[in-house]
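Visitor: Below: one structure in structure tokens.
The values are calculated or read from the model by the stated rules, or taken from the named source; none is laboratory data. Everything quoted here is computed from the prediction, not taken from an experiment. Quick reminder, even Gly has a Cβ in these numbers, built from the backbone with ideal geometry, and neighbours come from all protein chains shown. Surface areas here come from the heavy atoms of the whole protein model, side chains and all, with no ligands, DNA or RNA. Shrake-Rupley method; radii C 1.70, N 1.55, O 1.52, S 1.80 Å.
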Amino acid sequence: MTTKEKNYYENITTNLIGQKISEVYYEEINYEAIIEFWEHSTEIHSIDMNVILKLESGRIIQIKWDNEFHCFGIGLEVLEKMKQQPSGMKIINVSNHANWSKILNKKITGITVFWDTVNSIEKTELKNDSELKTVTKKLPQTWEIDVEDEKLWISTLEINEGGHDYYWSDNLTVFFTEACLQKYELIENADENYILSEEIIMSKVS
């Protein structure tokens, strides 16, 4: 495990494992249309930007797509407060949505990070020449989140209003049922995964 990966896991563990979700927000592009494009079914939400979790402790966690490992992976950022939205953006409180309301005030007991790999061409400048070589990189593409007796999945996948899907995208998609998740084979195509749970945390403490 690299230092960067270790820090990534510790960031997730420290900020999410054992915490209760009290409110949920989506950060979206402020379309002129009233209808929200993220609700493609009762069990799938595809969001332009970020999923923001307000925890019972008062901590605010932004789950986002970023380039920490390779574009586009799923990342996490701790916010000091709900940020002011620039022109063209908006935040939607979805805490009362049926899929989220059943998860609120329950403890996050485990998170599995599913990684995917990609081969990219990198150019190295030599003294009188340059060299191209293929480098294999990996990115965290999907989180499986256990919230006591419930599960949900967040992935860097885009499903647009026409129903087309785009992997490794500057969007996040939330799945609330495993049946919907399996359609996109995100778990099946993952190269490796890492499990973070209360049991692992407790064993580290002891």
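Visitor: Given the criteria in contact (Cβ under 8 Å) with a residue 12 or more places away in the chain, touching a Phe, Trp or Tyr at 6+ places or on another chain (Cβ under 9 Å) and open to solvent by less than 50 Å² (accessible area, probe 1.4 Å), does Ser120 qualify? Explain how you work it out, then say what you get.
Guide: Working: in contact (Cβ under 8 Å) with a residue 12 or more places away in the chain: yes; touching a Phe, Trp or Tyr at 6+ places or on another chain (Cβ under 9 Å): no; open to solvent by less than 50 Å² (accessible area, probe 1.4 Å): yes.
No: the conditions fail for Ser120.
Visitor: Please work out which residue is farthest from Phe176 (Cα to Cα), limiting yourself to the stretch 45-74 and to residues that are part of a strand (DSSP E or B) and among the small types (Gly, Ala, Ser).
Guide: Of the stretch 45-74, the ones part of a strand (DSSP E or B) are 45-47, 50-55, 60-66, 73-74.
Among the residues that remain, those that are also among the small types (Gly, Ala, Ser) are: 46, 73.
On the way: Ser46: 12, Gly73: 20 Å.
Only one residue fits best here, namely Gly73.
Visitor: Shifting gears a bit: Could you check, for the stretch 47-54, whether at least one of its residues is of a type in the set (D, E, K, R), open to solvent by 80 Å² or more (accessible area, probe 1.4 Å) and in contact (Cβ under 8 Å) with a residue 24 or more places away in the chain?
Guide: no
Visitor: If only one of Glu36, Glu77, Glu23 is open to solvent by 30 Å² or more (accessible area, probe 1.4 Å), modelled with pLDDT under 85 and either outside any strand (DSSP E or B) or of a type in the set (Asp, Glu) (or both), which one is it?
Guide: From the options Glu36, Glu77, Glu23, the qualifying one is Glu36.
Visitor: If I filter the stretch 92-100 for residues that are within 20 Å of the chain's Cα centre (by Cα), over 23 Å from Glu28 (Cα atoms), of a type in the set (Phe, Trp, Tyr) and surrounded by 15 or more Cβ atoms within 10 Å (Cβ to Cβ), do I get at least one hit?
Guide: No, the stretch 92-100 contains no residue that is within 20 Å of the chain's Cα centre (by Cα), over 23 Å from Glu28 (Cα atoms), of a type in the set (Phe, Trp, Tyr) and surrounded by 15 or more Cβ atoms within 10 Å (Cβ to Cβ).
Visitor: Still on this structure, I have one more. Has the stretch 131-148 got any residue that is surrounded by 13 or more Cβ atoms within 10 Å (Cβ to Cβ) and over 26 Å from Ser197 (Cβ atoms)?
Guide: Within the stretch 131-148, one or more residues are surrounded by 13 or more Cβ atoms within 10 Å (Cβ to Cβ) and over 26 Å from Ser197 (Cβ atoms).
Visitor: For Glu28, work out the one condition from (1) open to solvent by less than 40 Å² (accessible area, probe 1.4 Å); (2) at pLDDT 90 or above it doesn't fulfil.
Guide: With (1) open to solvent by less than 40 Å² (accessible area, probe 1.4 Å); (2) at pLDDT 90 or above applied to Glu28, the lone miss is (2).
Visitor: Shifting gears a bit: At least 2 residues that are modelled with pLDDT under 80 in each: list the helices (runs of 4 or more DSSP H) lying fully within the stretch 93-206 that qualify.
Guide: The qualifying helices (runs of 4 or more DSSP H) are 198-205.
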